[in-house]
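Taken together, the values in this text are just the output of simple stated rules run on the coordinates, not laboratory data. Bear in mind that the values here come from a model prediction, so they are computed numbers and not experimental data. Every residue, glycine as well, gets a Cβ built from its backbone with ideal geometry; the counts of neighbours run over all protein chains shown.
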Amino acid sequence: MSTVLSQVSKKILEKLEKGKKLSTEDLIILYLDITHKEIRETRRELKEEIREVNRRINETNKRIDRVQENLLTKIDETNKRIDKVQESLSAKIESVQKALLAKIDETNKQIDSIQETLLAKIDDTNKRIDETNKRIYNTQQTLLAKIEETNKRIDELYRLYAELRSLITAQR
């Protein structure tokens, strides 16, 4: 259609060059031809711009891919560093934990030793208290027996005194 329109437009332009008047149909055909050429030119320009935009999108996508690869590499490196730090911290924590457990065990042994010593001293003190209580009891029993004996002797002395008094009174 465009070639037919171009040919018709050439004939109309030849008419115009010869100084002839153009009809309304001629003007419309010229207008259509010019509009058609402008549309074709606009389409061509749009295609070029679309190609350029597509090229730039492709370049941007490539840059995004490179940035993504760099970020993934950096993330992997960071993860490896985190893993190393975590391993190091775990080793240090384990070492500290072992040292603390060893100190706790040592402290428990000291506590056990002190407890044994204290229990032995308590047992010894209890034995001494029991012995002292036995001695006190025995001493108390001995004293009570002596007091009872002394009381019997005093009673005997009172009886003898009373007899002696009654004899002295009877002799008088």
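Computed from Cα atoms, the angle from the helix 2-17 axis to the main principal axis of the chain rounds to 50 degrees.
Mean projection of the Cα convex hull over all viewing directions, computed for the range 2-171: 33.4 nm². Ordering I114, N133, S9 by the projection of their Cα atoms onto the charge dipole of the chain, which places +1 on the Cβ of Lys and Arg and -1 on the Cβ of Asp and Glu, puts S9 at the extreme positive end. With the helix formula -39500 (n - 2.57) applied to DSSP H stretches of n ≥ 4, the chain reaches a computed 222 nm mean residue ellipticity of -36500 deg cm²/dmol. Once the Cα atoms are used to define both axes, helix 24-171 deviates from the longest principal axis of the chain by about 0 degrees.
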